[in-house]
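J.: I am attaching a structure below and will ask some questions about it afterwards.
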Amino acid sequence: MNFEKWKVTREKGKKRFLWVNGALQWGITTALLWSLVMQVTNPVEPIWFRPAIALALFPLGGLFWAHFVWQSSESKYKDHEQKVNP
């Protein structure tokens with residue numbers, strides 16, 4: 001883990017991390033890729049149905065994912081800080 005990079009990330013705040021990294025980056029990207037793959041492999045009509053559902057659900061999943069990543073990274077960072085500054 002890059003502790004210097006995490007230090008910069010954590011200074012921006014948890015809410016920003018959850019929304020930017022979780023909902024926007026992971027959630028929307030995954031929703032669009034999943035919709036595209038599903039439409040190619042198993043087409044449905046209307047074509048907008050899967051992206052609409054995916055864009056509603058995947059960002060929520062991204063928030064949960066980002067929360068887990070935040071908790072894990074914070075734990076590692078705090079352990080590191082205790083070892084460096086006893």
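Bear in mind that the values in this text are calculations on the coordinates, not laboratory data. Keep in mind the model is a prediction, meaning the values are calculated, not measured. When we count neighbours, we look across all protein chains shown, and the Cβ atoms used for this are built from the backbone with ideal geometry, even at glycine.
J.: Let me know the charge dipole size of the chain about its Cα centre in debye, to the nearest 20, where only the beta-carbon of Lys, Arg (+1) and Asp, Glu (-1) is charged.
T.: In debye, rounded to 20, the chain gives about 320.
J.: Indicate the helices, whole DSSP H runs only, in the chain that combine a mean Kyte-Doolittle hydropathy of -1.0 or more with a Cα extent along their long axis of 24 angstrom or more.
T.: In the chain, the long hydrophobic H runs are 49-84.
J.: Only sites in a loop by DSSP and with at most 15 other Cβ atoms within 10 Å count here; which chymotrypsin sites (Phe, Trp or Tyr not before Pro) in segment 48-86 make the cut?
T.: W48
J.: Here is a further query. Tell me what the chain gives for mean residue ellipticity at 222 nm when only DSSP H runs of n ≥ 4 count, each as -39,500 (n - 2.57), the sum divided by the residue total, rounded to 500 deg cm²/dmol.
T.: Calculated mean residue ellipticity at 222 nm is -24000 deg cm²/dmol.
J.: Oh, and also: Find how many whole Å separate the alpha carbon centroid of segment 1-21 from the alpha carbon centroid of segment 39-78.
T.: Between the Cα centres of segment 39-78 and segment 1-21 lies a distance of 19 Å.
J.: Between K15 and M38, what is 0.36 nm times their sequence separation minus the Cα-Cα distance? Round to one decimal in nm.
T.: 5.2 nm
J.: Further question on the same structure: Answer rounded, prolate or oblate for the chain, using the Cα gyration tensor with square roots of eigenvalues a ≥ b ≥ c: rounded when a/c is under 1.5, else prolate when a/b is larger than b/c, else oblate.
T.: Here the chain falls in the prolate category.
J.: Another question, then. Give the shape of segment 22-65 as rounded, prolate or oblate, defined through the alpha-carbon gyration tensor: a ≥ b ≥ c are the square roots of its eigenvalues, a/c under 1.5 means rounded, and otherwise the shape is prolate if a/b is larger than b/c and oblate if not.
T.: Verdict is prolate for segment 22-65.
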